[in-house]
1. So Ser208 passes all but one of these: (1) on the phi > 0 side of the Ramachandran plot; (2) in contact (Cβ under 8 Å) with a residue 24 or more places away in the chain. Which condition number does it fail?
2. If you go through the stretch 106-152, how many residues are under 13 Å from the mean Cα position of the chain (by Cα), among the acidic types (Asp, Glu) and over 19 Å from Ala237 (Cα atoms)?
3. With the requirement that a residue be among the small types (Gly, Ala, Ser) and closer than 22 Å to Asn119 by Cα, what does the stretch 188-232 give you?
4. Need pairs with beta-carbon distance below 7 Å; first residue touching a residue at least 40 places away in the same chain (Cβ under 8 Å) and within the stretch 152-178, second of a type in the set (Phe, Trp, Tyr) and assigned to a loop (DSSP other than H, G, I, E, B); sequence gap 6+ or separate chains.
5. Condition first: farther than 23 Å from Ala229 by Cα and either modelled with pLDDT under 95 or not β-branched (Val, Ile, Thr) (or both). Can you find one or more residues in the stretch 137-157 that meet it?
6. Which residues, taken from the stretch 100-114, are open to solvent by less than 20 Å² (accessible area, probe 1.4 Å), assigned to a strand (DSSP E or B) and either touching a Cys at 6+ places or on another chain (Cβ under 9 Å) or on the phi > 0 side of the Ramachandran plot (or both)?
7. Report, by residue number, each residue of the stretch 197-226 that is in contact with an Asp or Glu (Cβ under 7 Å, 6 or more places away or on another chain) and open to solvent by 40 Å² or more (accessible area, probe 1.4 Å).
8. Return the only residue of Gly186, Gly97, Gly177 being open to solvent by less than 50 Å² (accessible area, probe 1.4 Å) and assigned to a strand (DSSP E or B).
Amino acid sequence: MSERLELVALPGIPEVRPGDDLARFIADAAAGIGLRDDDVLVVTQKVVSKAEGRVVELASVQPREEARAWAARWGKDPRQVELVLQESAEIVRMAEGGLIISRTRHGLVCANAGVDLSNVGDGEAATLLPVEPDRSARELRERLGTLTGAQPAVVISDSFGRPWRNGIVNVAIGSAGLEPLVDLRGQPDAAGREMQATVIAAADELASAADLAGGKVAQLPVVLVRGYAWRPSDDGAAALVMDRDRDLFP
């Protein structure tokens, strides 16, 4: 249990460009606070994707006929639609209004396969999800250890909608160091009854909490979480993706 948490959005991180040393930016921004091994750093997917070069200029995209037709029907940019189709391992649904729900190669089910035009230059470029978000989190953590001597856990977050709920929340698409799922099955509840099904998506909860400090438009892409009593684990956020055979709503 963690009775008190601190959420600190790290100031001063500059605009991230392909090839930038994101860990160096984070280390510099955290210098006044000082990183600790028991901290958690929640880093938005957008800056990770930018640093890793997962940025596509729309002018370079040649839409297929399917993308042009869908874009014309709903007033969308056919180049963005093409990128969504390219990044999708499976199209779950193409809905009225032009929304495409995709299953990505990571197994994530999300809007537009994570292709995003917001906060990317002048809107003529798009970011794609990191190729391996868990690897990205591990590399950030290791690099921070080299730079600062501390290795806080790292969570990479992104905004997702949720079935049957309005609004979006941030969830973990990558993590390193901490236990992403906290399994309480077999432990007694407050009344002494053994819990049978309680598994907490702790990495998702950390991602969502951090967004309250960082926000969507404040350009504060990294939040330090202090006080969460996490347990070490080699599992990444891939553990949060439900197996297809357990999906009750295919």
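1. (1)
2. 1
3. Across the stretch 188-232, the qualifying residues are Ala207, Ser208, Ala209, Ala210, Ala213, Gly214, Gly215, Ala218.
4. What qualifies is Ala153/Trp230; Leu178/Trp230.
5. Yes, the stretch 137-157 has at least one match.
6. Ser102, Thr104
7. Val199
8. When all the criteria are applied, what remains is Gly177.
The values are calculated or read from the model by the stated rules, or taken from the named source; none is laboratory data. Please read all numbers here as calculations on a predicted model, not as lab measurements. Positions of Cβ are generated from backbone atoms using ideal geometry, with glycine treated the same way; all protein chains shown enter the neighbour counts. All accessible areas refer to the heavy atoms of the entire protein, side chains included, with ligands and DNA or RNA removed. Shrake-Rupley method; radii C 1.70, N 1.55, O 1.52, S 1.80 Å.
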